[in-house]
Amino acid sequence: MDYIVLDLEWNQSPAGKSGENRAIPFEIIEIGALKLSESMQIAGRFHECVRPQVYRRLHFKTQELVHLSMKELRDARCFPEVIADFIGWCGNDYVICTWGSMDLEELQRNIEFYRLENPFPRPLLFYDVQKLFSQIYEDGHSRRSLEYAVEFLHFQKSHGAYEDTCYTAMIMQRFDWEQVKPYLSVDYHRPPVCKEEEIYLKFPDYTKYVSRPFDAREDVMEDRTVIATPCCVCGRLLRKRVRWFPSGGKTYDCLSWCPDHGFMNGKIRLKKSADDRQYYAVKILRSADEEEAAAVREKRENLRKKRKSRRKHTQET
């Protein structure tokens, strides 16, 4: 299997939101990729500009980031031709690696805009190198910029889709792949559309579940599969010590107990489908120690106190 290290540059409406095409808010103007072998050696290179069809002038932010002129871009091939060659170059056995998840999201939006067939599998699993960097060098939760990682590892700096691809590949070459290889990420651009497509992934220290879509936010948290809390180690269905409660925005937390493996902290994030018409859940269950379990209880209690205080204030006024 090969690792396709991908980085994109894109343009947006120079006029801001008023001139934006909602079907393609970011139009790809450059694709840079490196192919790494399983031993992390460079096995191929892909780099090509893309002729803009939607936004014919460069946004000022794009001009600051990329060293390209509109003349160079006008001489380039159009997206359908470039993406066809890129997919052919990737081969038949590969996994995509990107810094964060946005490149894959915008790549698929551009594919859909041109009414091309999406060439990627469902579910689309990939390596988020930004997340892996945090797991190896930091706390596993922070998300740093590529520029930060380049400075942290003392690489010489430049910018562009191809340069950023090289940096991402160099960072990957520093990783202990025995440690990070299990931690594939899930692309959410095309979430499950039915129960049979729901995603279940097991990692060394947590599990992830991605649900089918629901018409209403309330329906998600009433579904038995969504709110179930199987142990992330043995899979036993657990009783909850702290039932699911809204912990901020579209996030819910809970706390369960396994007789063999202790506390399990559950977290559900509600996400909207690409058309903003439906909701689906991303649930993570991981082991928790006594201190982490106490933090969940404290969070719930603080939220209860805030709600009580708001109700009292409303009644008084």
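The values are calculated or read from the model by the stated rules, or taken from the named source; none is laboratory data. A quick note: this is a predicted structure, and the numbers were derived from the prediction, not measured. Glycine gets a Cβ as well: all are built from the backbone with ideal geometry, and neighbour counts include every protein chain shown. Ligands, DNA and RNA are excluded from the accessible area calculation, which covers all protein heavy atoms including side chains. Shrake-Rupley method; radii C 1.70, N 1.55, O 1.52, S 1.80 Å.
Find how much the distance from ARG56 to LYS305 grows on full extension, using 0.36 nm per residue of separation minus their present alpha carbon separation; answer in nm with one decimal.
Using 0.36 nm per residue and subtracting the Cα-Cα distance, I get 84.2 nm.
In degrees, nearest 10, range 0 to 90: what is the angle between the Cα axis of helix 290-316 and the longest Cα principal axis of the chain?
Roughly 80 degrees between the two axes.
Of LYS131/LYS250; LYS17/LYS131; LYS61/LYS250, which sit over 23 Å apart, Cα to Cα?
Beyond 23 Å: LYS17/LYS131; LYS61/LYS250.
Would you mind getting the accessible area per residue of the chain, heavy atoms of the protein chains only, 1.4 Å probe, in Å²?
54 Å²
How high is the FRET efficiency from ARG74 to ASN21, r the C-beta distance, R0 22 Å, rounded to 0.05?
Working from the Cβ atoms, E equals 0.70.
Could you pull out every residue, at least 5 positions away or on a different chain, whose amide H is within less than 5 Å of the one on ILE96? Hs are placed 1.01 Å off N in the peptide plane, and Pro or chain starts have none.
Here the answer is ILE4, TYR127, since their amide H atoms fall under 5 Å of that of ILE96.
Give me the distance between the Cα centres of the range 216-251 and the range 266-290, rounded to whole Å.
About 9 Å separates the Cα centre of the range 216-251 from the one of the range 266-290.
Give the label of the value calculated from the structure for Rg/Rh (Cα atoms, Kirkwood Rh), choosing from (1) 1.01; (2) 1.15; (3) 0.94.
(1)
Quick check for me: using +1 on Lys/Arg Cβ and -1 on Asp/Glu Cβ, what's the dipole size of the chain about its Cα centre, in debye to the nearest 20?
I would put it at about 1960 debye.
Is the shape of the range 106-192 best called rounded, prolate or oblate, per the rule: a/c under 1.5 gives rounded, else a/b larger than b/c gives prolate, else oblate, with a ≥ b ≥ c the square roots of the Cα gyration tensor eigenvalues?
Judged from the Cα gyration tensor, the range 106-192 comes out oblate (a/c at least 1.5, b/c at or above a/b).
What does the C-alpha gyration tensor say about the overall shape of the range 250-317? Classify as rounded when a/c is under 1.5, otherwise prolate if a/b is larger than b/c, or oblate.
Oblate, because a/c is 1.5 or more while a/b does not exceed b/c.
Which value in nm describes the separation of the simple spin-label points at SER273 and GLU138, placed 7 Å from the Cα toward the beta carbon?
Between SER273 and GLU138, the simple spin-label model gives 3.4 nm.
Give me the distance between the Cα centres of the range 112-156 and the range 6-58, rounded to whole Å.
Spelled out, the Cα-based centre of one part sits 15 Å from the other.
How much net charge surrounds SER37 when only other residues with a Cβ under 12 Å from its Cβ are counted (Lys, Arg +1; Asp, Glu -1)?
My count for the surroundings of SER37 gives -2.
Under 10 Å from the Cβ of CYS166, count the other residues' Cβ atoms, weight Lys and Arg +1, Asp and Glu -1, and hand me the total.
Residues close to CYS166 contribute a combined charge of -2.
Among residues other than GLU20 whose Cβ falls under 15 Å from its Cβ, what is the net charge (Lys/Arg +1, Asp/Glu -1)?
Here the count lands on +4.
CYS234: accessible area at probe 1.4 Å, nearest 10 Å²?
About 70 Å², ignoring ligands and nucleic acids.
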